[in-house]
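Participant: Take a look at the following structure, please.
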Amino acid sequence: MVQSIKDKLTQLHKEIPSSVSLVAVSKTKPIADIQEAYDAGQRIFGENKIQEMLGKYEVLPKDIEWHMIGHLQRNKVKYMASFVSLIHGVDSLKTLQEINKQAKKHQRTINCLLQVRIAKEETKFGLTKEETEAILTSDAFKELKNIKVIGFMGMATFTEELDQINDEFSSLQQFYEKHKQQHHLNVLSMGMSGDYQLAIQNGSTMIRVGSAIFGERNYIA
Ligand SMILES: *Cc1c(COP(=O)(O)O)cnc(C)c1O
């Protein structure tokens, strides 16, 4: 039997504690699928391309919280500054400064997460823990009044090795615990369709789940 989006959401909610937020990752998926999830009560959606998110924002209900989960192109931040509710993948002070500038134009504060590199595999994205600490304690950062860093985001290595994924999540949890009080953090975004259970065991407060809700993505279409 093919499960509907609604069935999959119901199933997921049985597995995750109510204290963990669920971001439904709708990238590449049509408006109809998002509407179906919305009708089932889902309000937080994640996209990884600004243009695509903007198009969907314009036609869908206005009480949706839009999260940008992809790598950011600085010159496109302006297109989402009026409505984005959380930006997950911030990995430089320069990007924070651009978000701050655009948020100021709209007289709002934009919540952000710093993306911390935890995967052992080679990846271009994410800050090292040292770089993350350097940003949080810098004077330039403290001047930014229209952004708020509310936590960290991390992605584990793409592997079947559960021990490795567990170690990577655990290292981010420790890093988060170390900084949470001093920097008023309350979001630890980690876990996707394949590893959200492990992420939750390691203290994740926000999971980003796409294919387990909407089915596999077809990147060719
Ligand atoms: C696509 C994506 C997800 C969701 O991936 P699934 O495996 O489909 O759940 C989560 N986080 C980020 C950053 C993504 O780009």
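Participant: Report, in debye and to the nearest 20, how large the dipole of the chain comes out about its Cα centre when Lys and Arg carry +1 and Asp and Glu carry -1 on their Cβ.
Facilitator: Computed charge dipole of the chain: roughly 1080 debye.
Participant: For the chain, what does the helix formula give at 222 nm: sum of -39500 (n - 2.57) over DSSP H segments with n ≥ 4, over the residue count, nearest 500 deg cm²/dmol?
Facilitator: Details: 9 runs with 84 residues, N = 221.
Result for the chain: -11000 deg cm²/dmol, rounded to the nearest 500.
Participant: Do any GluC sites (Glu not before Pro) in the range 163-216 lie in a DSSP loop with no more than 10 other beta carbon atoms within 10 Å, and if so, which?
Facilitator: Sites meeting the loop and neighbour criteria: Glu216.
Participant: Another question, then. For a quick check: with amide H placed at 1.01 Å from N, whose amide H comes under 5 Å from Val90's, ignoring anything fewer than 5 positions away on the same chain?
Facilitator: Leu113, Gln115
Participant: Near Val2, within a Cβ-to-Cβ distance under 14 Å, what is the net charge of the other residues, with Lys and Arg +1 and Asp and Glu -1?
Facilitator: My count for the surroundings of Val2 gives -2.
Participant: Given a cut-off of 29 Å, what percent of all Cα-Cα pairs of the chain lie beyond it?
Facilitator: Roughly 24 percent, once rounded to a whole number.
Participant: Here's another thing I want to ask about it. Which entries in Lys62/Lys178; Lys49/Lys101; Lys56/Lys120 show an alpha-carbon gap greater than 29 Å?
Facilitator: Table pairs above 29 Å Cα-Cα are Lys62/Lys178; Lys56/Lys120.
Participant: Something else now. Highest first, please rank the peptides 204-210, 56-62, 3-9, 78-84 by the mean number of other Cβ atoms sitting within 10 Å of their residues.
Facilitator: Final packing ranking: 204-210, 78-84, 3-9, 56-62.
Participant: Residues of the range 33-56 with amide nitrogen under 18 Å from the 7 Å Cα-to-Cβ point of Asp7?
Facilitator: 33-34, 36-41, by backbone N distance to the label point.
Bear in mind these aren't lab numbers, they're just calculated from the coordinates by the rules spelled out. Source: prediction; values computed, not measured. Using ideal geometry, Cβ is built from the backbone for each residue, glycine included, and neighbour counts are taken over all protein chains shown.
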